[in-house]
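K.L.:
First the structure, which I've put down as structure tokens, then a few questions once you've had a look.
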Amino acid sequence: MSARRKNNPLRNLNDCGCCEGLTLQTPLKIANRPGLTAIEYRVGTHSQFRQSMLARLSSSEYPALESLRTRQDDDFTVALLDAWATAADVLTFYQERIANESYLRTAVERRSLMELARLVGYELNPGVAASTFLAFTIEEAPGAPDQATQETIINIGTKVQSVPGPNEDPQTFETVEEIKARPEWNKIKPRLTMQQPLNTNIKSVTVAGTGINLKQGDRLLIVASKTDRKVRLITHVESQEDSHTTLISLDGITPVKIFTAKVPLLPGTVFSTSFKLTETTIKNQMFGKTWKSKNLLALAAIQNWSIQDLVKIFENLRSQKTAPGETGVFALGKRVSLFGYNAPKIMDYEKGSPKPQNDWGDWSPTKNESGEKLYLDNAYDEVLPGSYIAINKPGNQTSIHTIANVRTFPRTEYGISSKTTEITLSGKDPWWDPNNDDFSIIRGTAVDIFSERLELADIPIEEQVHGNNVLLDKIDLYLKDGQTVILTGEPIDQPGVIKSEVMTIDTVTVEDGFTRLTFTKELANQSYTRKSVMINANVSRATHGETVSDVLGSGDAGQQYQKFLLRQSPLTFVSAPTPSGSTSTLSVRVNDLQWHEVSSFFGRDPDERVFTTRIDDDGKTTIQFGDGITGKRLPSGQENVRATYRKGM
């Protein structure tokens, strides 16, 4: 025991607190600093409430309770106080939760946030339905006439359903715009081939067919124009089975096939002078120019032309081949000599003895020879008028001629006799000069005959589809500026991967019978393999959700602010140029008259047909009508309130 207690044993007997008894503990003082994510708002707990009430039993302020001396738990009075402590504990718990839900920072319930926002006139924005573009495939009718003129109207609200994957549900989308669809727009292809550029210096030529009887060392005659003609030596022949063509290489080099752009075409202008729709008119007035598609349609309307007939004429002009006998490529089947090439030289018998063979004199061309004719060393029935021959003179001088006339007969000249083929060249085109050339030209000249025209094939365009435009493989005057299309293809840097892009057409033009689409932007994937590209122009914008129609109930003119609950949820909202960025798909009619949704009834006239909506925390939508003072009351009727809307989000 301490010295201090020995001196004053009656002082500080309760320093340990064991003899204090019960004290008041409620209400607790509430103090929360700013910025908390949760606040304390309870004035007590069960034990604190119970202890405070038990302490009051001994208080001098309540002398009537002094006879209640027991504090055992099984006493009726103590049990009653314990029950009240439990009730107070529950009340303060929920009071604290209500206090937390009353502030934006501390609220955790979605409904609390909705109610707080409504205090300032703000409603939580609903979710907006997903949107996409749908590419429709229109059923074709094989053999149907004028199929290209047939249109199919795809109306607003056309439903489509997704094909669900594993553990997925099918989703319904509906179109939100009307489009005109056509079967030929299912798979529009870019132009894949081009006409071969023909000149005498080309490194190769591609001809139609694979059974070409040509080989290395044969000769090919190229006629690019009347003045540009040349015989080329074939160095390689390759059959291309996939395209049913044959690649003939010249000079041993196979070139890269590049789609070289032509000189820009002059733009076509709409003319008002009346013309009949004939191939000659289109060829002279329109073909070979670049036309905006809308201008061609305007011109057709002015001239009262059929669009289908105009398209057919463009296609005919585009597919016309070069006329036989003019430009082209020709296989020269055989090389022969001239009559007299093997004639013996003349011996000098004046001295009574022949000269040595190396001193023999040669023949002089006879008076029967001329520059417009030549005589072959034998009779060749396959040589025909109108065909080409190549005359290869000494010194690598080659001239190309067209045969005007052919005849075969026996000939005796230069000390020899045999059959010969007489060829008369067309156009008085001499192949030699009898006044200046000697007999050596007859001995040293070889003639390539049997010219057979080879059909030129269109060659593949190796250039990839890129940039902001694509040239189609046909003419299409129905595609419009501003139309949406979907381009699908294989990017050149991702083999085997198929990607799609939604593109908007800026302008549609026609060039040499082909349609070119210029887009409002460049392709995002840069370049696509040309042969993989496919364009679908039957495209409509669509959003998620399914349209339903409900009878909400019966109007009652005796009720103020009558309410109805939509049976289907959630109500679909779609993107729109509104302050909130969205708009409801709900349409309400009463007695077949449409009523309009407003944000509130404040300031509305008594006769305005308006209603408000409120989306509950569970996603259900309630529709409320006016009271006859701010907004019109519903008229009485039997099931006269109907709603059409879309569900799903």
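K.L.:
Just for region 381-398: of the residues that are open to solvent by less than 20 Å² (accessible area, probe 1.4 Å) and touching a residue at least 60 places away in the same chain (Cβ under 8 Å), which one is nearest to the chain's Cα centre (by Cα)?
P.N.:
TYR388
K.L.:
Assess whether ARG589 counts as being among the charged types (D, E, K, R), more than 17 Å from GLU123 (Cα to Cα) and either loosely packed, with under 13 Cβ neighbours inside 10 Å or free of Cβ contacts under 8 Å to residues at least 40 places away in the same chain (or both).
P.N.:
no
K.L.:
Further question: Check whether at least one residue in region 126-137 is of a type in the set (Gly, Ala, Ser), free of Cβ contacts under 8 Å to residues at least 12 places away in the same chain, open to solvent by less than 40 Å² (accessible area, probe 1.4 Å) and outside any helix (DSSP H, G or I), and report yes or no. Explain how you work it out, then say what you get.
P.N.:
Applying the first criterion (of a type in the set (Gly, Ala, Ser)) to region 126-137 yields 127, 129-131, 135.
Filter once more, so that each one left must be free of Cβ contacts under 8 Å to residues at least 12 places away in the same chain: none.
Checked against the condition, which is being of a type in the set (Gly, Ala, Ser), free of Cβ contacts under 8 Å to residues at least 12 places away in the same chain, open to solvent by less than 40 Å² (accessible area, probe 1.4 Å) and outside any helix (DSSP H, G or I), region 126-137 yields no hits at all.
K.L.:
Being part of a strand (DSSP E or B) and touching a Phe, Trp or Tyr at 6+ places or on another chain (Cβ under 8 Å) is the filter; apply it to region 474-498 and report the residue that is surrounded by the most Cβ atoms within 10 Å (Cβ to Cβ).
P.N.:
Per the criteria, the residue is GLY489.
K.L.:
Also: Only one of (1) surrounded by 15 or more Cβ atoms within 10 Å (Cβ to Cβ); (2) in contact with a Pro (Cβ under 9 Å, 6 or more places away or on another chain) fails for HIS401. Which number is that?
P.N.:
(2)
K.L.:
Can you say whether ILE153 is without any contact (Cβ under 8 Å) to a residue 60 or more places away in the chain and part of a strand (DSSP E or B), as far as the supplied structure shows?
P.N.:
yes
K.L.:
Another question, then. Going by the structure shown, is LYS180 surrounded by 13 or more Cβ atoms within 10 Å (Cβ to Cβ), among the charged types (D, E, K, R) and touching a residue at least 12 places away in the same chain (Cβ under 8 Å)?
P.N.:
Working: surrounded by 13 or more Cβ atoms within 10 Å (Cβ to Cβ): yes; among the charged types (D, E, K, R): yes; touching a residue at least 12 places away in the same chain (Cβ under 8 Å): yes.
So LYS180 passes the test.
K.L.:
Return the residues of region 463-473 that are assigned to a loop (DSSP other than H, G, I, E, B) and open to solvent by 50 Å² or more (accessible area, probe 1.4 Å); say none if nothing qualifies.
P.N.:
GLU463, GLN464, ASN468, ASP473
K.L.:
Further question: In region 189-241, what count of residues is obtained for those that are small (Gly, Ala, Ser) and either without any contact (Cβ under 8 Å) to a residue 40 or more places away in the chain or open to solvent by 30 Å² or more (accessible area, probe 1.4 Å) (or both)?
P.N.:
Total meeting the criteria: 5.
K.L.:
I would also like to ask the following. Condition first: at negative phi, assigned to a strand (DSSP E or B) and more than 45 Å from the chain's Cα centre (by Cα). Now tell me which residues in region 442-456 satisfy that.
P.N.:
ALA446, VAL447, ASP448, ILE449, SER451, GLU452
K.L.:
What are the residues in region 245-271 that are exposed (fewer than 12 other Cβ atoms within 10 Å of the Cβ) and at pLDDT 70 or above, if any?
P.N.:
LEU266, PRO267, THR269
K.L.:
List pairs: first in region 280-291 and outside any loop (DSSP other than H, G, I, E, B), second surrounded by 14 or more Cβ atoms within 10 Å (Cβ to Cβ) and among the aromatic types (Phe, Trp, Tyr), Cβ under 6 Å, 6+ apart or cross-chain?
P.N.:
So the pair list comes out as THR281/PHE275.
K.L.:
Mind checking which residues of region 404-426 are in a loop (DSSP other than H, G, I, E, B) and either surrounded by 14 or more Cβ atoms within 10 Å (Cβ to Cβ) or in contact with a strand residue (DSSP E or B) (Cβ under 7 Å, 6 or more places away or on another chain) (or both)?
P.N.:
The one that is in a loop (DSSP other than H, G, I, E, B) and either surrounded by 14 or more Cβ atoms within 10 Å (Cβ to Cβ) or in contact with a strand residue (DSSP E or B) (Cβ under 7 Å, 6 or more places away or on another chain) (or both): TYR414.
K.L.:
If only one of PHE133, PHE93, PHE173 is aromatic (Phe, Trp, Tyr), farther than 22 Å from SER569 by Cα and under 26 Å from the mean Cα position of the chain (by Cα), which one is it? Break it down into steps so the answer makes sense when it comes.
P.N.:
Details: PHE93 fails: under 26 Å from the mean Cα position of the chain (by Cα); PHE173 fails: farther than 22 Å from SER569 by Cα.
On inspection, the qualifying residue turns out to be PHE133.
K.L.:
Next question, about the same structure. Within 27 Å of VAL128 (Cα to Cα), open to solvent by 60 Å² or more (accessible area, probe 1.4 Å) and either of a type outside the set (D, E, K, R) or out of contact with any Pro (no Cβ under 9 Å at 6 or more places or on another chain) (or both): is that true of PRO570 in this structure?
P.N.:
no
K.L.:
Could you please find all residues in region 573-583 being open to solvent by 50 Å² or more (accessible area, probe 1.4 Å) and not hydroxyl-bearing (Ser, Thr, Tyr)?
P.N.:
Answer for region 573-583, where residues must be open to solvent by 50 Å² or more (accessible area, probe 1.4 Å) and not hydroxyl-bearing (Ser, Thr, Tyr): PRO577, PRO579.
K.L.:
Of the numbered conditions (1) touching a helix residue (DSSP H, G or I) at 6+ places or on another chain (Cβ under 6 Å); (2) open to solvent by 50 Å² or more (accessible area, probe 1.4 Å); (3) at pLDDT 95 or above, ARG609 satisfies every one except a single condition; which is it?
P.N.:
(1)
K.L.:
Please go through region 506-551 and give me each residue that is of a type in the set (A, V, I, L, M), out of contact with any Gly (no Cβ under 8 Å at 6 or more places or on another chain) and either buried (at least 21 other Cβ atoms within 10 Å of the Cβ) or closer than 23 Å to GLU462 by Cβ (or both), ordered by number.
P.N.:
Those that are of a type in the set (A, V, I, L, M), out of contact with any Gly (no Cβ under 8 Å at 6 or more places or on another chain) and either buried (at least 21 other Cβ atoms within 10 Å of the Cβ) or closer than 23 Å to GLU462 by Cβ (or both): VAL508, VAL510, LEU517, ALA524, ILE535, ALA537, VAL539, ALA542.
K.L.:
Does ARG614 fit the bill of being assigned to a strand (DSSP E or B), of a type outside the set (S, T, N, Q) and modelled with pLDDT under 95?
P.N.:
Criteria met by ARG614.
K.L.:
Related question: Within region 630-640, can one find any residue that is in a loop (DSSP other than H, G, I, E, B), open to solvent by less than 30 Å² (accessible area, probe 1.4 Å), among the aliphatic types (A, V, I, L, M) and farther than 18 Å from GLU123 by Cβ?
P.N.:
yes
K.L.:
Let me ask something additional. For residues in region 552-567 being polar (S, T, N, Q) and open to solvent by less than 50 Å² (accessible area, probe 1.4 Å), which is nearest to ARG191 (Cα to Cα)?
P.N.:
Going through region 552-567, the residues polar (S, T, N, Q) turn out to be 554, 559-560, 562.
So of that shortlist, the ones also open to solvent by less than 50 Å² (accessible area, probe 1.4 Å) come out as 554, 562.
On the way: SER554: 63, GLN562: 64 Å.
Filtering region 552-567 for residues that are polar (S, T, N, Q) and open to solvent by less than 50 Å² (accessible area, probe 1.4 Å), the one nearest to ARG191 (Cα to Cα) comes out as SER554.
K.L.:
List the number of the failed condition for ASP627; all other conditions in (1) assigned to a loop (DSSP other than H, G, I, E, B); (2) open to solvent by 20 Å² or more (accessible area, probe 1.4 Å) hold.
P.N.:
The failed condition is (2).
The values are calculated or read from the model by the stated rules, or taken from the named source; none is laboratory data. Here the structure is a predicted model, which means the values were calculated and not measured. Glycine also receives a Cβ, built like all others from the backbone with ideal geometry; neighbour counts cover every protein chain displayed. Surface areas here come from the heavy atoms of the whole protein model, side chains and all, with no ligands, DNA or RNA. Shrake-Rupley method; radii C 1.70, N 1.55, O 1.52, S 1.80 Å.
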